[in-house]
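Notes follow once the structure below has been shown.
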Amino acid sequence: MWAHPVQYAWRTDRGRVRQQNEDALAVQADLGLVVVADGVGGASAGEVASQLAVDTIRECFRRQLLPWTDAEQAAAVVEVAVQEANRAVWQLAQTKPDCDGMGTTLVLGFAGAGWLAYVNVGDSRLYRLRGERLEQLSHDHSFIQAVVDQGLFRSLDDARRAGIGEHILTRALGIAAQLSVTCRLTDLRGGDLYLFCTDGLTGMVPVDALCQLLRAVGTSALDSAAEALLRLANARGGTDNITLVLMRVGEPPADAGLDTCWPPT
Ligand SMILES: [Mn+2]
């Protein structure tokens, strides 16, 4: 069923300042599913929120027994899973006093035959290196991104220099009973390298350094690249929890059927 062989490598780390790791992740190679979440909330509630979101989504996918040849159908399943995770976190936040106000960001990728369905909530990100070009596929739901989108600043760097805070989210999972979720689809190509990560990586490592490191991965061990990214984030301060998943797409076998292509031609 898989047109492309896919490899994964991941790291999650407390960083050098925080006492706890409130990030969570799931890599389900058998399902083609990657989830990364960054929890927020007092005491250990952030940890509860991110782990509950990841677990709820994983369970949601495990319940589905359909073969994933249809990208649009897969995208709909992703949206339902994220909505279900939102409800689970929100409900626990309503019922458990320790969990009051907790929430989590999320970035999710679901890889099928020739396509990747992805969604983000908050400022956890998805990047793709294709050839020499690094592209950010996700769009942050943050105050700083919103002022850039409104044209008040030309770039996130400009806004940052003007003193706009970076960690104010405009959307998070578990904060309200309803959450607006839009799953997007893109084509999956042999040679693509995807990076799912929390802001503990992107806040420490500038995008040109990310790009340089990812370009150097080539066909070498993916696990060393994941380790190198984590070390770089820690070397540059490690002021937040750091979580990253690398997903490398190989060339499909020569006999892969044409019926597995997306988008349809
Ligand atoms: Mn974070």
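What follows is calculated from the coordinates using simple rules that are stated; it is not laboratory data. These numbers were taken from a predicted model, which means no experiment stands behind them. Here Cβ is always computed from backbone atoms with ideal geometry, including for glycine, and neighbour counts include all displayed protein chains.
Here are some notes:
- Helical segments meeting 15 Å axial Cα length and Kyte-Doolittle -1.0 threshold in the chain (DSSP H): 45-63, 71-95, 222-235
- Positive minus negative residues near residue 152 (Lys, Arg vs Asp, Glu; Cβ under 14 Å): 0
- In this structure, residue 62 and residue 184 have a Cβ-Cβ separation that, at R0 = 30 Å, corresponds to a calculated FRET efficiency of about 0.85.
- Here is the P(r) of region 152-238: all C-alpha pair distances, binned every 5 Å from 0, give 3, 10, 16, 17, 17, 18, 14, 6, 1 in whole percents.
- Dimensionless Rg/Rh of the chain - Kirkwood Rh, Rg from C-alpha atoms: 0.96
- Three-way shape label, region 84-152, alpha-carbon gyration tensor, a/c 1.5: oblate
- As a size descriptor, the averaged projected area of the C-alpha convex hull of region 109-265 was calculated at 11.4 nm².
- The ellipsoid equivalent to the alpha-carbon distribution of region 17-71 has semi-axes of 28, 11, 7 angstrom, derived from the gyration tensor eigenvalues as √(5λ) and listed largest first.
- For region 130-169 versus region 1-67, the spacing of their alpha-carbon centroids is 24 Å.
- In percent, rounded to a whole number, the relative contact order of the chain is 29, using alpha-carbon pairs under 8 Å and six or more apart.
- Relative counts (whole %) of C-alpha pair distances in region 30-99, using bins that are 5 Å wide: 3, 16, 26, 21, 14, 10, 6, 3, 1
- Shape category assigned to region 1-159 from the gyration tensor of Cα positions, a/c cut at 1.5: oblate
- The share of Cα pairs per 5 Å bin across region 93-198, counted from zero up to the longest distance, runs 2, 11, 18, 18, 17, 15, 10, 5, 2, 0 percent.
- The ranking of 123, 199, 70 by Cβ neighbour count inside 10 Å, starting from the fewest, reads 70, 199, 123.
- Lys/Arg +1, Asp/Glu -1 at C-beta; the chain dipole; positive extreme among 93, 113, 64: 93
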